[in-house]
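Where a number appears in this text, it was derived from the coordinates with a stated rule and is not lab data. Bear in mind that the values here come from a model prediction, so they are computed numbers and not experimental data. Cβ placement follows ideal geometry from the backbone for every residue including glycine, while neighbour counts extend to all protein chains displayed.
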Amino acid sequence: MTPPRDPATSPTIVWLRDDLRVADNPALTAAAERGAPVVVLYLLDEQSRGIRPLGSASRWWLHHSLEALAASVSEIGATFVLRRGAAAVELPRLVSDIAAGAVFWNRRYGGPQREVDAALKSSLRDLGLTVQSFQANLLHEPWTVTTGSGTPFRVFTPFWKSCLAAAPPREPLPEPTSLDGVEGVDSDSVGDWALLPTRPDWAGGIREAWTPGERGALAQLERFAAHDLAHYDTARDAPGGEATSRLSPYLRFGEISPFQVWQRTQRGELDAAARRNAPKFLSEIGWREFNWNILFHAPDLHEKNFRADFDAFPWQAPDPRDLEAWQQGRTGIPFVDAGMRELWQTGYMHNRVRMVVASFLIKNLLVDWRIGEQWFWDTLVDADEASNPGNWQWVAGSGADAAPYFRIFNPLLQAEKFDRDGAYQRRYLPELGTDDYPQPIVDLKKSRDLALAAYEQVKRAGESG
């Protein structure tokens, strides 16, 4: 039997999605300010129409992130609940179970997610609940950054200039303390969701490389700001070093917010070199914002060319042996193979190398970018709905502010420039230089010429269109 609802004291549900943190969480802060008991819900929704199921590496991360979040929610006194199923079914069910009087969440920006949220906001309000959504995971919400004519930006530089000219990002919110929870609420166990690999357990290298959760995120931000930001300008393109922030998976799952990153690297205590490098680093946060802006206006970004003229591109049916060689890091091109081995071992790949391995698949093997995007979706711990397809389309030339069609990364020259001493390649290719290392599966020069000829078809289609 559903208990009666008192509008003033009935519990608040905070529905978390890609915002798995207790600090700088506007929905949780609003729940604390409401003053009623708080239930923090994570709902694993793989059933709602259009929702893209998580890839394998992301499922591994989610398991550990939820374990960390459960501990943090318990520490501040709220009740943590896990449910699985379609949001339109499970959220109202929890509302009924606890006679909730309010539901708060932080906004999402993908098309199917916005449809789910809008329908729930309407139906729950019709039941008399207070329902509010908040800005939490982007510095600038997509509808607030437009060109002078009110249209979305398609080029990054003017987009980011517009962002920088706007009001500065707000200060991060403190972690709530001393909340009340609700006793006796049914919850799933994260272990029952089978998010972790078992047969085989391929996650050993990922476990060694990462500490999922909010505390791991804040520790990584501090390490980067205090030690690596000072060298970001000179060392960020070298995959053998440690100059990049490695914050992307934490941002993807919302274990840290862009407001926290902005505050620490823009207004926090930094030495002179770090202060000088901060704008360059923050432009990478801007690129993340740009991709989300694009996704907001093009919700089918992982399925459809952003530039329609690329529909004319003559993709080749992938040779299964070549595709497997690319996936396994056995193409015979060391810089490509090192990147793909890094991905398999750690769930991550240095950004410079991501561009190279994507260019190799798309332009040397003429494989549709969607095939590569799907592989990254399954194997990257930081794959999100905006940056993953946005970056693949950028390399292909089909996306917003895309690299021109004739830009084809030469992996040999890239290695010579960014891994001159070969440290990165040797780290992931112990057989390099022996008979066990394979011969190249493709001639780089000949395949480049074929790619240029193929891209000419796209160019002509655009001119005739």
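Observations
- Using bins of 5 Å that start at zero, the share of Cα-Cα pairs per bin across the stretch 308-464 amounts to 2, 9, 19, 23, 21, 15, 7, 3, 1, 0, 0, in whole %.
- Relative to its residue count, the chain spans a Cα convex hull of 156 Å³ per residue.
- Nearest-20 debye value, the stretch 170-306 charge dipole, Cβ charges on Lys, Arg, Asp, Glu: 680 debye
- A helix-only calculation puts the chain at -13500 deg cm²/dmol for mean residue ellipticity at 222 nm, using -39500 (n - 2.57) for each DSSP H run of at least four residues, averaged over all residues.
- Modelled label positions at E67 and T130, each set 7 Å beyond Cα in the direction of Cβ, lie 3.6 nm from each other.
- Computed from point charges on the beta carbon alone (+1 for Lys and Arg, -1 for Asp and Glu), the dipole magnitude for the chain about its Cα centre is near 1060 Debye.
- Of the peptides 433-443, 57-67, 330-340, 310-320, the order by per-residue mean of other Cβ atoms within 10 Å, starting with the highest, comes out as 330-340, 57-67, 310-320, 433-443.
- Taking packing as the residue-averaged number of other Cβ atoms within 10 angstrom, the listed peptides 110-117, 321-328 run from highest to lowest as 110-117, 321-328.
- Gyration tensor verdict on the stretch 111-216 (Cα atoms; rounded if a/c is under 1.5, prolate if a/b is larger than b/c, oblate otherwise): oblate
- Checked against a 32 Å cut-off, the cross-linked pairs K280/K417; K161/K459; K161/K446 give Cα-Cα distances beyond that limit for K161/K446.
- Size of electric dipole in the stretch 308-464: Cβ of Lys, Arg +1 and of Asp, Glu -1, about Cα centre, debye, nearest 20: 440 debye
- Kyte-Doolittle mean at least -0.5 and Cα axial length at least 27 Å: DSSP H helices in the chain: 56-75, 272-297
- For the pair S74 and R426, a Förster radius of 60 Å applied to the C-beta separation gives a FRET efficiency near 0.85, rounded to the nearest 0.05.
- Extension gain, E324 to T434, is 37.5 nm, computed as 0.36 nm per intervening residue step minus the present C-alpha separation.
- One quarter of the surface of the convex hull around the alpha-carbon atoms of the stretch 12-136 equals 7.1 nm², the direction-averaged projected area.
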